[in-house]
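Here the structure comes first, spelled out in structure tokens, and everything after it is commentary.
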Amino acid sequence: MSVQEAYAEVGRITRREAKNFAYGIMVLPRAKRQAIAAIYAFARRVDDVADGELPPEEKRAGLEELRAALETDPTDPVFVALRDARDRFGIPPEPLEALIDGGLQDLEQSTYRDFAELRGYCEKVAGAVGLACVPVYGSDDTEHAMTLGIALQLINIIRDVEEDTALGRVYLPQDELTAFGVEELAPSPEFRELMAFEAERARACLAEGLRLLDSLDRRSALCVGTFAGLYRETLDRIEAAGFDVFGEKTRLSAPRKLAVVARGLLP
């Protein structure tokens with residue numbers, strides 16, 4: 001498979017699977033857009049293995065196969081594209097391996113004692129995406145790239161409480177569940193108070209992470225700002241609905257997402 005064929009495939013994966021990524025990267029120059037799509041497709045592959053229906057031992061083996069594939073001559077289109085992107089933009093191996101470590105952690109750990117412990121997990125599964133992407137954007141601001149990734153993951157955790165519970169995982173810190181008197185993950189005044197607290201922290205991380213934009217060129221800043229804007233609007237809608245994250249998942253429509261992109265294009 002040629003490199004361009006591989007990039008075409010990761011582009012298809014991104015358009016099909018990405019809920020927000022595809023709308024952000026559409027504003028990037030072609031080479032950067034392809035590289036970010038390759039990173040996304042790799043992260044999606046890790047998630048698919050970690051969240052799949054195979055027995056845990058087979059999942060572990062699958063994740064370790066992905067790790068090994070980072071160091072071998074690739075034939076899989078995701079890895080062909082990722083290898084070219086790594087060579088072209090100097091994407092380091094460490095954040096890619098951290099994504100795999102996060103997938104492995106999901107197999108071993110289902111609850112988190114406190115936010116410090118949760119943050120460590122978020123650094124692997126989301127902050128690492130920021131660290132992989134930041135050289136593609138042409139920046140070396142790894143601190144704010146990490147913080148922004150964590151912020152987006154915190155919003156995912158708020159949105160996906162019911163879905164994660166069905167997978168046997170509770171990412172909301174146990175000490176905070178206790179402090180707010182939340183005995184079960186179901187609608188209640190206590191649950192809403194907890195989620196308001198979680199939302200405030202996510203917004204603080206988002207504001208801090210967006211300082212990354214100061215180090216980016218205009219189109220890269222528009223891309224990252226679009227990601228952040230889409231996640232912020234999702235969080236706003238969840239809050240407006242009283243943090244009822246049970247039942248139908250909060251999603252933005254395609255026209256609404258395009259409106260966020262267009263807003264960023266305004267001078």
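Go through 19, 32, 124 and list them by solvent-accessible area, largest first, probe radius 1.4 Å.
Numbers: 19 95, 32 40, 124 70 Å².
Of 19, 32, 124, the descending order of accessible area is 19, 124, 32.
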Check your understanding: What nm distance separates the two modelled labels at residue 204 and residue 116, each placed 7 Å from Cα along Cα→Cβ?
Key -> 1.6
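Filter the GluC sites (Glu not before Pro) in the stretch 21-110 down to the DSSP loop ones having no more than 13 other Cβ atoms within 10 Å, then list what survives.
Details: sites: 53, 57, 58, 64, 65, 71, 97, 108; in loops: 53, 71.
Hits after loop and neighbour filter: 53, 71.
Student exercise: in the chain, how many lysine pairs 8 or more apart or on different chains have Cα atoms under 24 Å apart? All intermediate terms of the calculation are to be shown ahead of the outcome.
On the way: 19/32; 19/124; 19/249; 19/257; 32/124; 32/257; 59/124; 249/257.
Eligible lysine pairs with Cα atoms under 24 Å apart amount to 8.
For the stretch 184-246, with all protein chains present and a 1.4 Å probe, just round the carbon and sulfur fraction of the accessible area to a whole percent. Working shown, then result.
On the way: 1440 of 2880 Å².
Accessible surface attributable to carbon and sulfur in the stretch 184-246 totals 50 percent.
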Revision key, fill the gap. Using a 1.4 Å probe on heavy atoms of the protein chains only, the accessible area for residue 44 in Å², nearest 10, reads 60
Practice item. Leaving ligands, DNA and RNA out of it, work out the accessible area of residue 215 with a 1.4 Å probe and give it in Å² to the nearest 10. Key: 50
Practice item. Tell me the GluC sites (Glu not before Pro) within the stretch 151-184 that lie in a loop according to DSSP and have at most 15 other beta-carbon atoms within 10 Å. Key: 183, 184
Exercise for review: Note down the accessible area of residue 146, probe 1.4 Å, to the nearest 10 Å².
Suggested key: 40
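The values are calculated or read from the model by the stated rules, or taken from the named source; none is laboratory data. Since the structure is predicted, the reported quantities are computational estimates derived from the model, not experimental observations. Using ideal geometry, Cβ is built from the backbone for each residue, glycine included, and neighbour counts are taken over all protein chains shown. The area values use the complete protein model at the heavy-atom level, side chains included, leaving out ligands, DNA and RNA. Shrake-Rupley method; radii C 1.70, N 1.55, O 1.52, S 1.80 Å.
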